[in-house]
Structures are given as C-alpha cells and as structure tokens.
1. Which shape class, rounded, prolate or oblate, goes with region 1-132 when its Cα gyration tensor gives a ≥ b ≥ c as root eigenvalues, a/c under 1.5 marks rounded, and past that a/b bigger than b/c marks prolate?
2. If packing is taken as the average number of other Cβ atoms within 10 Å across a peptide's residues, how do 203-215, 124-136 rank, most packed first?
3. If each residue of separation counts as 0.36 nm, what is the full-extension length gain between HIS161 and ASP205 once their alpha-carbon separation is subtracted?
4. How much net charge surrounds THR245 when only other residues with a Cβ under 10 Å from its Cβ are counted (Lys, Arg +1; Asp, Glu -1)?
5. What spacing in nm lies between the two simple spin-label points modelled at LEU73 and ALA98, each 7 Å away from Cα in the Cβ direction?
6. Could you grab the relative contact order for region 304-343? Cα pairs under 8 Å, six or more apart, rounded to a whole percent.
7. Quickly rank 109-116, 4-11, 91-98 as a protection proxy: mean count of other C-beta atoms within 10 Å, highest first.
8. Can you pull the Rg over Rh of the chain, Cα-only, Kirkwood?
Amino acid sequence: MVYEAHFQAAVDSVKSEGRYRVFADLRRKRGDFPNAHLRTDNGVDRDIVVWCSNDYLGMGQNPIVLDAMHSALREVGAGAGGTRNIAGTTHYHVKLEAELADLHQKQAALLFTSGYIANEASLSTLARILPNCTYFSDGLNHASMIEGIRRSGGAKHIWRHNDLEHLEELLAATPVDASKVIALESVYSMDGDVAPLREVCDLADKYEALVYLDEVHAVGLYGQTGAGIAEREGLMDRIDIVNGTLGKAFGLMGGYVAADAVIIDAIRSYAPGFIFTTALAPVLAAGAVASISYVKQHNELRVLHQERALRLKTLLREANLPVMASDTHVVPLLVGDPVACKEVSDHLLNDYGIYVQPINYPTVAKGSERLRLTPSPLHDDAMMKELVTALCQVWERLGLLMRAA
Ligand SMILES: *Cc1c(COP(=O)(O)O)cnc(C)c1O
C-alpha cells in the first residue's frame, strides 16, 4: 500500500505518548443500566458496571422510550429515506422539532444528525448571513464549535475560559458595525464547571451580540423541565440560539438548535450540514419525543441525579482521592499523566469489572489527564462503595498522588 509508513508513523506517535485509544466492546443489558457485558479477547462476556456513560439518566433504556421506538419501527420502518428536503421529513421529525422548541421556549427548532453537526453547521452558517461576522469563542469550547467557527471564515476571538473581563475587552475592541456572536457552553463537560451566563448575556446586550449556547451537557439535567442551565437561571429568553443533543441525557442520538423562527429558517435554508444529509431515522425521532416529554415531567430524576453526584464526590473526598472541583454532575478524578491514567482504567476494568475510560489529550490539556465519572440515578450506594474501594487499591498499587489534605 502506498503511504503505509505515514499511517503507521501517525499511529505510533499517539502510542508513544501513551494516549492510543482502545475501545471496549460492550453490550448493555436492557433494563439493567449501568450493568453491562464486556466482550473480552478470548470471546467471553464478563459483567461490568459502567461509570462513564453520557446516558446520564439511563433514558436509553427507559421502557416508555423503547415502546415509542418499537411502535415507530412497526409503523414506518427503518430509515427516513432521504434528506429533509427530499422525502426525509416525517411526522415524527415535525413533532420532535415542536417538542424541542417548546422545551426551550423558542419559536422553532431544527434537527441535525448529531450535536456535533448541529454546532458545526449552525455556527459556520451564521457568517454567511451576518455581515462582518465576528465570533467570540470561549477557550474551552467543544471541537464542534471550534470547527464551525473555523469553517465559517468569519473573524474569531478566543476569550479565556469563563473570563468576563477578557470577553468584554475583546468585544469593546471590535468595530460597532461588525455582527457579533458569543459562543459558549453552559456546562463544560470535562471539568464540570458552569459559565457565568447572566453576565455573558449582559455583555451581549451591551455590545449587541448574539448569544449561541451549547447546552449539550445540561439538557434534560438542569431547570425545572430539563431545558438546561438557562432555564435554571431564568435566562431562556436571553439566549438567541441554544444547541443541544439527543445523545446524552435523552439517551438516543441526534442534535438540534432552537431559536427565533427566522433564525431557524435561515439556517435550514443555508447550512450544508443540514441540507445535504439524510434525516435522522424516524425511530430515533419517535424515541426522542417520548424521552424529552418524560424527562420534562420527572424533575425527581434531576434531583436524584444531583444527589448521586454529590454523594460520590463526598465519598471520594473522604477517601482522599484527588476529586477535582466541579459544580455539576460531572465528577473528574485527576491522574495527571496519560500512561498512569490508562493503567488505572485498565486495572479497574480487568481486576474489578469497573468501566471508566481514561480521558487524555486532546480531550483535556496534557498534564490534566483524568477519569471522568458520571454517576446516574441508577448508581446505588453499594456500587459507589465498590468503586471507591477499588480506586483506593489501584491508587496505592500504582503509587499515585492522593488529594492534598
Ligand atoms: C458531545 C458534545 C457535543 C456533540 O454532541 P453529539 O450529539 O454527541 O454529536 C457537542 N458539544 C459538547 C460540549 C459535547 O460534549
């Protein structure tokens, strides 16, 4: 094969840095989340507990969601049969977009095949529509936002993560006649910190900027109906464009933006990432409608989710494990080295049947490699105790740093 050496060198370079990624071959057990089977190299299944899923509420196994999907499958079959413009819009898509618009109290919503595509397509399209478009992007924004902004060809300023003074400095230095878009996340998924949303909205008002908010790690999880941090903070009407996923707390797959009807209409009409790709399978749309309406009405799921996260943080702290500060459901445990991080993860899986992926560069900065634990309402006290005991033993065996007292 031509160029084989180049491909091999690329892979070797990742390996030499200790951040070569290996996928675990899993089979989730319906109705039994977070328990799952791991397919091992010798072809045997073993029981494990999943501690790193973004199916934060276990909705991917909720019987109401599964029923909705089964009946959609029986009714209309498998695929959408085309792009939304060509034969791919079904009643399920229409209903789902209405449900999403309602969730975020917006006039309209637009579906994409993933949250990634929703960000990439929407952000890159704004500069085609807005004259002299300038983006103000938080320094820790997700790759999908970075990619969309880059693709747009618009001017771009990166403000230091959650640093309002820096954001204002950059806004003030930009010509008044430039269109401005502030792009940020509400919950940052690796550290579990939250953006100063109200203050960002104030700056947006002052400098006449649009606010584009990625609530991917907050939808379903925060606010009285699960619309996200903007709902919790009473700021929904001040967010111009909200982005979310159906793949995390809602347990399925797909992404969306919600906004004023005219914004949605413009994105729908201009974004290649919407126009030229087959619509989400109707089965997924049907499942998402069921999941969102369930999650909306069951605030007790959110209460329990927060309680579980707090409980785990407390247990880790009491065991002197280096749990990082987090204001949300994300529980990061610092290792600080890619090789050790992978080793911890391997030991947990092989010796204890505990599955938590190492999080290494480029997902997080070098030197801040970590385990990212995501307790759900279904992770009980016994599971937590097993996890903490296993972690303490692995920490000791590998001689890793405990938490500074
Ligand atoms: C996961 C993620 C996305 C992408 O969502 P998908 O639906 O998984 O494509 C977008 N933004 C952030 C912050 C994410 O963590």
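1. oblate
2. Ranking, from highest mean packing down: 203-215, 124-136.
3. Extending this stretch completely gives an extra 13.8 nm.
4. -1
5. Placing both labels 7 Å along Cα→Cβ, they lie 2.6 nm apart.
6. Value for region 304-343: 32 percent.
7. 109-116, 91-98, 4-11
8. 0.97
The values are calculated or read from the model by the stated rules, or taken from the named source; none is laboratory data. Values in this document were obtained by computation on a predicted structure and should not be read as measured data. Quick reminder, even Gly has a Cβ in these numbers, built from the backbone with ideal geometry, and neighbours come from all protein chains shown. For accessibility, only protein heavy atoms count, side chains too; no ligands or nucleic acids. Shrake-Rupley method; radii C 1.70, N 1.55, O 1.52, S 1.80 Å.
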